[in-house]
Ligand SMILES: *Cc1c(COP(=O)(O)O)cnc(C)c1O
């Protein structure tokens, strides 16, 4: 690795003059907490997602916990969660006082295996949390059919799902609630931030009470219910509005980078690129590979100045959950283990030049020669 070639990071937010101008406006107005920008950002998100109601949360993890509380998952109830996802999907269940039950993923799509989910339903199951992973949708026909048959609530983890549709409907609008994240590596970012959408006015009211100290409007100090503080700031919302203004460009650049990987790796028999499942659109979160000798390839790329990321470590093996839930033992999760052992995530961020994609893909081809 020569010192002159810059390292390629695995992700980079696209922040610039548009964000700066809108943040300057917030500072000029001297109103920092939730105000006019939050209202505007929420309205524009609801238009994009095509959902009637939504509230902010400080991040995606707390958006999920807030949603689980608002749809009234009882204390101690079971919530079905895919075994391959970010730890926050499951820790949100614990924060909401319920218990995550892990089920394996479909090896071809990386999304929750709904047949396995059906087998995991017990008398204590209250909800299922499909996670729309890698910028595609879970099989929402199957999830909703299971939920209707077994009387389960559905809280969608759409943290990676901004702009993603299933049968032309935005993810996050199928279940009782949909949760989004605006962390720095998601499709649009506010640094930190989250959003919960819902269709029922009753859920919307509970969301508002829970996130604002048990009152519907700030300013009152009489609290009808017990709630918390899940507010964000107008500074974040200003950044979010600017990000939404470039969403189409963000999506098309990510797609172009993903297509360039497909092109340059097309003839490589050692790697396979995950594609969007039937019914789902694709707003690539990363370029997700299934490949031979994935760990070695990651090291090789690292030594050539290229940052990559591994797939999520299977939740049933996470030290934090093994101790609490004792799931170790007979390894009933072959597909989440396989996805972890053979998976590698390559950068597709919107400011990434096409030459960087070609450099990464060519380095991968050289590794297997
Ligand atoms: C990022 C992410 C979360 C958590 O969002 P934060 O804003 O980081 O708390 C939850 N689930 C998935 C699938 C994610 O990718």
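Rule-based calculations on the coordinates, nothing more; no lab input. Just so you know, these numbers come straight off a predicted model, no measurement behind them. Because the Cβ atoms are built from the backbone with ideal geometry, glycine has one as well, and the counts that use them run over all protein chains shown.
How high is the relative contact order of the stretch 17-245, in percent, counting Cα pairs under 8 Å that sit 6 or more residues apart?
Reported relative contact order: 27 percent.
Take the chain, connect every pair of alpha-carbon atoms lying under 10 Å apart with a spring to form a Gaussian network, then pick out the residue of 37, 99, 359 with the largest mean-square fluctuation.
Of the options given, 359 has the highest mean-square fluctuation.
Quick one: compute a quarter of the convex hull surface over the Cα atoms of the stretch 143-230 and quote it in nm².
7.1
Translational D (Stokes-Einstein, µm²/s) of the stretch 193-270 at 20 °C and 1.002 mPa s when Rh comes from the Kirkwood sum over C-alpha pairs?
Estimated diffusion coefficient is 131 µm²/s.
With a bin width of 20 angstrom, please list the P(r) values of the chain as percents of all Cα-Cα pairs, from the 0 bin to the one holding the largest distance.
All Cα pairs considered, the percentages come to 29, 57, 14, 0.
Considering only C-alpha atoms, what is the centroid distance from the stretch 334-349 to the stretch 258-295, in Å?
10
For the stretch 176-255 and the stretch 19-40, compute the distance between their C-alpha centroids and round to whole Å.
Answer, in whole Å: 15.
Order by neighbour count: 267, 320, 291, fewest other Cβ atoms within 10 Å first, most last.
On the way: 267 7, 320 12, 291 20.
Least crowded to most crowded, the residues run 267, 320, 291.
Looking only at 270, 132, 335, which one moves most when the chain is put into a Gaussian network model with springs between Cα atoms under 10 Å?
With Cα springs under 10 Å in the chain, the top fluctuation among 270, 132, 335 is at 270.
Multiplying the sequence separation of residue 215 and residue 263 by 0.36 nm and subtracting their Cα-Cα distance, what value in nm do you get?
Values: separation 48, 0.36 × 48 = 17.28 nm, distance 5.40 nm.
Here the segment from residue 215 to residue 263 would lengthen by 11.9 nm.
Arranged by the count of other C-beta atoms within 10 angstrom, fewest first, what order do 367, 195, 230 take?
367, 230, 195
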